Amino acid sequence: MLSYIVRRLLFLPVVLFGVTALIFALISTLGPWTRVATFVPSPDAERHVDLEAIIRKYNLDDPPLKMYLRWVKNLLQGNLGWSQSSHMTVTEAIARRFPATLELTLFAVIPVIIGGIFLGVISALHHNKPLDHATRIMAITLWSMPDFVLGLAVLMVGFGVLGWFPPGRLSAWAELEVLKESFRSFTGMYTLDSLLNLRLDIFWDALRHIIAPVFTLACLWWAFMLRITRSSMLDVLNQDYVRTARAKGLSEKTVIKKHALGNALIPVTTVASSMLLGLLGGVMIVETVFNYPGLGLLTSTAATRLDVPCVVGVALFYAVILVVVNLVVDVLYSIIDPRVRLE
Amino acid sequence: MKGKVWLWLVIALVVIGAGVLIWTGQAPKQETGGAQGVKFDPNIFVFVGSGDAETLDPSKAYDTASSEIIFQYYENLLAYKEGSLDEFVPMLATEVPSVANGLISADGKTYTFPIRKGVKFHNGAELTPEDVEYSFERNILADPTGGPMWMLIEPLFGVATIKDLACQIAGVDSFDQVNEAALRATGQRVMDAIEVDGDNVVFHLSTPYPPFLSILARNSSWSCILNKEWMIANGAWDGKAETWTKWHDLPTEEQALFEKAMGTGPYKQIEWDRSNSRHTMEAHADYWRGPAAIKTVIVNNGVTEFNTRKLMLQKGEADAIYVPVENSPQLEGMEGVTLIRNLPRLNNVCAIFNQEINAVDNEFVGSGKLDGNGIPPHFFSDINIRKAFCYAFDYDSFIEQVVLGEASVPYGVIPMGLSDFFDTNGPRYSYDLEKAEEYFKKAFGGEVWEKGFKLTLVWNIPNTTRKTACEILEHGIESINPKFQVEVQGMEWATMLPRRREGRLPMVFIGWLADYADPHNFVYPYVHSKGDFMAFTGELGRKFAAAEFDELVNAGINESDQAKRIAIYSEIQKKTIELAPHLMLYDAYDRRAHRDWVKGFVFDPICPANYDFYALSKSLD
């Protein structure tokens, strides 16, 4: 297995080259006069600006190959460049935004996977009965709901009506506490950092802020998980070995728990990993609605402002995550399902 | 076994999740206080906006979001007198210079400012005249591309950039050719223009410049006062004539004040959290006018979604928020919230007529000929076409329905906020299709009316206000003659920029927000042949401006007598209606929304910040 992992990791630079070369190839279709727009935030802000000077200064009129080689050279020195849209280096931007996204992902994955599997199993066990129909209708409704609509609805109820779950990552008072020198930042994830600092008040505040976006994400992905689990479970329940298990006179509980569920979860693992990847890449709309600045917002702002270094940097980072998560999932497969051999 | 582990994990997590939900659901009840169960803390002020500062360096900052923050940290020599745009009160100077008190020389070229004593910077250092001298010299020599420093370079040296000054001194055309000696001479020239004389700082202008005090006054981030010693310690220009090029035109992020601040203002910087677009500031305890009432201010510029901002205001999480014009009805009548509308700011919006369109492979001008399927490149150089377009725009409907009454019909290129400088009984355009028809019939000897035309109007995504303006104009024009075809197309800014620059857009929709409160700041960009807006009108447009307006604009800026200036600007204003160099769409108004408990708000039309936090306090009565 170790040689398999090493071989997969050796493949990483090839993936990274492919991703970045593709992006640069796309960017090369834009002229320097389009790219210079990054430096002028809006049409009304072009005042007394010598755009030609900016193009010369930042070498925006270089041929794409030269730009790419310069970028690779900087990358080898650990420099991903300056992000004009987020006012910091790309490395810093990712380092500061990723903990927020990771925190959101970690909190969202648990209810999504557990809730989705649970409901999927229930649905499959009550196949074509009212409970099954109810969960399926719910799943389809939630799945087809646009995320900004659901997000705003959750915000209106959770914050506007109940006042429980405010937007942002922390309340004003907690922000000030976090800024103090006595508060040490370990991970950039406020829930974890506050516990490590033994500040339960800040922990609850951070938790209160994260619940609404997590709930929204969970609702959106529940449906997805539910449907996969349900169909996979139905499939397994019709297998011969389940029939055999039942014929042996095992209780229904044992049949489901010991014989069906484990096998039904294999496709779910695949889906869960792709969901995890989606969440780690940042969820733009939910982050916007709940003012939760993570990677999704960073990427969308950078893309709309044609902030090339930032877009390429995030793509690179995301490619690394993708390769690593896929590798972890493959390894997990071989643990869950003994039939899978890594070679 | 595996199944069991899964199940236990599921149960444990569900229980924890439920516990957390219940617990956190109860938490806010303990924390809330004040009226209607919303949070009230008199010591913290939270402003929630959208769109963060580009930089905190005063030599580079040229956007409202940046100036808004700089405004709280730094101060200027003077401030506008409350409620006035042409009278001043002293700030870091102790007197306002005038010819009468002898602080402005009789020829209008020397300004003397006695510097206030006992003023403390945020680090405890005391303000000296040397700090003032250094602040201006440093910013002028830094002169980054796209920055605001031209405003000071123009009155002091009569050129637009410091590179131009160096070229002028060296007698060469390009900055690359300027030799070492000339570079040093340039540094020396700047240092000679601003000098310390005892307790005073003296400015030597190259020509009399009536708006000079406006350019120095509070709200002008480019003229704020820095701390020389701290600046040098933090890697800024060392104050020597021969070294300035090392700090000249640095990339934004390499400037010393990009993310830091050290001023004398009422608030000192605690942090700029760039990844959350949030500024945290604390009242300056040794502030010379006495410490601010509100101890801590948080400016959160990262909330782009209006509904989120609205809820934060409603629940008291925010004390004030930024409200775009189209959203203000949503706050009307909200409990505990004050909405103030129709505040006259110095801002107007126009559609520039490109008098010489670059018609080569141009998708916006149809055939590029006057054959009914396009427009010729010089279409808008015919005054009849321009006037016809001006009469074909339904100003009232636009103002009522699109900007919801928060605007007025322009009297020309100078906006309502500066109405002291022109005649408010003067002519204006109105929506009059008969007149439009009359002018269309005269245009190109009747050919336009006979053959018709086709053109495309371009607006920048996501500015839907401009999109609607294009559509209203389209409707007006197309209803005059079925042969007139107008198309409306949206475009991302990055796609639009090269086309606008190459002169391909038949009309350019754009707005101007004042740098300082003087009509010169409007007439120059709008109608001077070298102004920013005339740059979009082609060679023919610039020649037209040079023939019709340059002399008047120059007369206005070189005249010191206020009455004569008013006469000149009234004439320019009237002439911009008569000759219609641009279609002036509307003079924009502003609005504010804050909790009722915010006291002390005074609107200042030229202030870049939504709020002067120093003037505010919070109280529940």
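Figures for the structure shown
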quantity: Only one of B:303, B:299 that is modelled with pLDDT of 95 or more and β-branched (Val, Ile, Thr); calculated: B:299
quantity: Hits in region A:288-343 (condition: buried (at least 16 other Cβ atoms within 10 Å of the Cβ) and of a type in the set (Ser, Thr, Tyr)); calculated: A:288, A:292, A:299, A:300, A:301, A:318, A:333
quantity: Tally of residues being in a strand (DSSP E or B) and without any contact (Cβ under 8 Å) to a residue 12 or more places away in the chain across region B:72-101; calculated: 1
quantity: Selection from region A:166-177 of residues that are crowded, with 23+ Cβ neighbours inside 10 Å and more than 8 Å from every other protein chain (Cβ to nearest Cβ); calculated: A:174
quantity: All positions within region A:57-83 that are within 30 Å of residue B:529 (Cα to Cα) and more than 10 Å from chain B (Cβ to nearest Cβ); calculated: A:60, A:61
quantity: Extreme residue, nearest to the other protein chains (Cβ to nearest Cβ), among residues of region B:146-197 that are of a type in the set (S, T, N, Q) and surrounded by fewer than 20 Cβ atoms within 10 Å (Cβ to Cβ); calculated: B:174
quantity: Qualifying positions in region A:13-47 - facing chain B (nearest Cβ under 8 Å), part of a helix (DSSP H, G or I) and not basic (Lys, Arg); calculated: A:33, A:34, A:36, A:37, A:38, A:39, A:43, A:44, A:45
quantity: Selected residue (criterion: surrounded by the fewest Cβ atoms within 10 Å (Cβ to Cβ)) from residues of region B:518-550 that are small (Gly, Ala, Ser) and out of contact with any Phe, Trp or Tyr (no Cβ under 7 Å at 6 or more places or on another chain); calculated: B:547
quantity: Residue match in region B:45-59 (condition: touching a Cys at 6+ places or on another chain (Cβ under 9 Å), under 23 Å from residue B:154 (Cβ atoms) and either at pLDDT 95 or above or more than 9 Å from chain A (Cβ to nearest Cβ) (or both)); calculated: yes
quantity: Some residue of region B:568-582 being at negative phi, modelled with pLDDT under 95 and among the hydrophobic types (A, V, I, L, M, F, W, C); calculated: no
quantity: Hits in region B:247-294 - residues which are among the small types (Gly, Ala, Ser) and either out of contact with any His (no Cβ under 9 Å at 6 or more places or on another chain) or more than 15 Å from residue B:614 (Cα to Cα) (or both); calculated: B:256, B:261, B:275, B:277, B:283, B:285, B:290, B:293
quantity: Failed item, numbered, when residue B:505 is tested on (1) within 20 Å of residue B:411 (Cα to Cα); (2) within 13 Å of another protein chain (Cβ to nearest Cβ); calculated: (1)
quantity: Filter result (assigned to a helix (DSSP H, G or I) and away from chain A (no Cβ under 14 Å)) within region B:222-237; calculated: B:223, B:228, B:229, B:230, B:231, B:232, B:233
quantity: Sole residue being hydroxyl-bearing (Ser, Thr, Tyr), surrounded by fewer than 23 Cβ atoms within 10 Å (Cβ to Cβ) and touching a helix residue (DSSP H, G or I) at 6+ places or on another chain (Cβ under 8 Å), chosen from B:252, B:308, B:245; calculated: B:245
quantity: Which numbered condition residue A:266 misses (of (1) closer than 30 Å to residue A:104 by Cα; (2) buried (at least 17 other Cβ atoms within 10 Å of the Cβ)); calculated: (2)
quantity: Residue in region B:299-342 that is nearest to residue B:403 (Cα to Cα), counting only those that are within 11 Å of chain A (Cβ to nearest Cβ) and acidic (Asp, Glu); calculated: B:305
quantity: Some residue of region A:108-116 being more than 11 Å from chain B (Cβ to nearest Cβ), touching a Phe, Trp or Tyr at 6+ places or on another chain (Cβ under 9 Å), buried (at least 18 other Cβ atoms within 10 Å of the Cβ) and closer than 29 Å to residue A:307 by Cβ; calculated: yes
quantity: Qualifying residue in region A:290-297 (condition: assigned to a helix (DSSP H, G or I), among the hydroxyl-bearing types (Ser, Thr, Tyr) and in contact (Cβ under 8 Å) with a residue 60 or more places away in the chain); calculated: no
quantity: Condition broken by residue B:477, with the remaining ones in (1) away from every other protein chain (no Cβ under 14 Å); (2) surrounded by fewer than 18 Cβ atoms within 10 Å (Cβ to Cβ) satisfied; calculated: (2)
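The values are calculated or read from the model by the stated rules, or taken from the named source; none is laboratory data. Quantities reported herein were computed from a predicted structural model and do not represent experimental measurements. Using ideal geometry, Cβ is built from the backbone for each residue, glycine included, and neighbour counts are taken over all protein chains shown.
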